[in-house]
1. Considering only protein heavy atoms and a probe of 1.4 Å, how much of the accessible area of the chain is carbon and sulfur, as a whole percent?
2. From the Cα gyration tensor of segment 1-130, with a ≥ b ≥ c the square roots of its eigenvalues, which class applies: rounded if a/c is under 1.5, or else prolate if a/b is larger than b/c, or else oblate?
3. For segment 320-328, just list the computed ³J(HN,Hα) in residue order, Karplus coefficients 6.51, -1.76 and 1.60, θ = phi - 60°, integers in Hz, with x standing in for Gly and Pro.
4. Can you list residues from other chains, or at least 5 along the same chain, whose modelled amide H is less than 5 Å from the amide H of residue 5?
5. Can you pull the one-decimal nm distance between simple spin-label points at residue 143 and residue 189, each 7 Å off the Cα toward Cβ?
6. State the extension gain, in nm to one decimal, for the chain segment bounded by residue 89 and residue 360, taking 0.36 nm per residue of separation less the distance between their alpha-carbons.
7. Hey, what number do you get for the chain at 222 nm if only DSSP H runs of n ≥ 4 count, each worth -39500 (n - 2.57), divided across all residues, to the nearest 500?
8. Could you pull out every residue, at least 5 positions away or on a different chain, whose amide H is within less than 5 Å of the one on residue 28? Hs are placed 1.01 Å off N in the peptide plane, and Pro or chain starts have none.
Amino acid sequence: APSPTTAVPYMSVKCIDVRKNHHKSKWLMPWGPNHCKKLKDFDEAVSRQIEANDIVFAVHIPLPSKEMSPWFQFMLFIMQLDIAFKMDNDLKENAEITLDVSLAYRDDMFDDWEEIAHAIEIRKLKCTFGSPKTVESEGRHYDCDFLPFMEIGSVAHKYYLINIRLPVNDRKGINVGIGEIKDIRLVGIHQNGGFTKVWFAMKTFLTPSILIIMVWYWRRITLMTRAPVLLEKVIFALGISMTFINIPVEWFSIGFDWTWMLLFGDIRQGIFYAMLLSFWIIFCGEHMMDQNERNRLSGYWKQVGPIAVGSFCLFIFDMCERGVQLKNPFYSIWTTEVGTELAMAFIIVAGICLCLYFLFLCFMVFQVFRNISGKQSSLPAMSKARRLHYEGLIFRFKFLMLITLACAAMTVIFFIVSQVTEGHWKWGDITIQVNSAFFTGIYGMWNLYVFALMFLYAPSHKNYGEDQSNGDLGVNSGEELQLTTTITHVDGPTEVYKLARKEAQE
């Protein structure tokens, strides 16, 4: 697949707006048949006695002779200001810029523009000046951080127009002390259409495969004479959350203007993360030999509780950003000092917690391995058939445990990298290039892992009695070396589980 996103730079055009409020059209086009009257620079504006309030920065999306497409899924815009140093108009410390921004769309080059959103936004300027502030340095530009500008959760129209005003009011101190702004640049980021198609194709293909194995798995469990144990229920719940992520509702975003798709995607992913992290804890815990609290969810509240609280915090954080953007696409939690600190703190704390979680999981897996290895010492006393049977079980179980650890490590890396990638445009200094193989690979790995779990942990209909002592039995039979065999009483879904259960009771 092509890379997930594309960044397109746009330079705003300075338009003269000398119209009064009663004028019927308020949109200024930077080029085309009805383009606005342009200014080369602000020196020309001064010489023609044009006030700052009569200048509008106009940006047309996309560039001339191109069209936007619903396959782009979302649009994220970052603003960069070109501010020149002037002795009599210096940039103040902690200066704030007030933007009067409007966004409009149309689907035909000759239609009228329809407004999507209008807002008055304040952004903090974080700029440094490399040279000494003397007369010789006049005209040199400040080095300013990127400013988060706008995010839209769907690209339902072909053409978009942004009009930005910088209203000046000396009495109220609006846009005073922000230096001499020369130009406003925007960087537009959208998902690649080619990547979207590959992503949709994956989801469409994987949805039925997980659904089929879920139905088969639950049917196997209902055929048993016992009630399903906790581990079986949790695996089934993991399958449901995987199916919830898989269902390709994104196909509707091609035909409908659903701006809430980004938020919906985040919620789906959050539910899956919470389910996956909880599953790993219960999965290891249920195979611990020295665990007395078995087969009850209440026995895991200490481990699952923090995951639930963390997921809830993640949801609140997301609602504060993407939830508000449904009404005002120009809103960003990164624009205020408190918001930026909260957002940064959240990402750092989430990363640290995930790393600690992974270490705890490694410790649990190590304990399970140690206990299983201890149990292997009793294998030589068994008959050949049963020994081969249990050796096969233990080998497969260890393999599954290692796969679990690999899957957990990749998931933790993926979460941290995706958070940093999403945030780096807003911080301005960290850049990570994530290619599409990483996204599709992790997504495919999750599906494969859930599929394998259901396949390996479905209760078997075969029965191994205690009296099977025929030495040749099962040497060449794949049926004998299964991870899951029938247990018709309440001990659990696997023989490894049963072994562990006996150990715990002893």
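The values are calculated or read from the model by the stated rules, or taken from the named source; none is laboratory data. Keep in mind that what you see is a predicted model, and the values were worked out from it rather than measured. Note that we place each Cβ from the backbone using ideal geometry, even for glycine, and neighbour counts take in every protein chain shown. Note: areas computed on protein heavy atoms with side chains; ligands, DNA, RNA excluded. Shrake-Rupley method; radii C 1.70, N 1.55, O 1.52, S 1.80 Å.
1. Percent of accessible area from carbon and sulfur atoms in the chain: 60.
2. oblate
3. Calculated HN-Hα couplings, in order: 5, 9, 6, x, 5, 5, 5, 8, 10 Hz.
4. 192
5. 2.1
6. Details: separation 271, 0.36 × 271 = 97.56 nm, distance 5.68 nm.
My answer for the length gained is 91.9 nm.
7. It comes out at -15000 deg cm²/dmol, rounded to the nearest 500.
8. So residue 28 has HN proximity to no qualifying residue.
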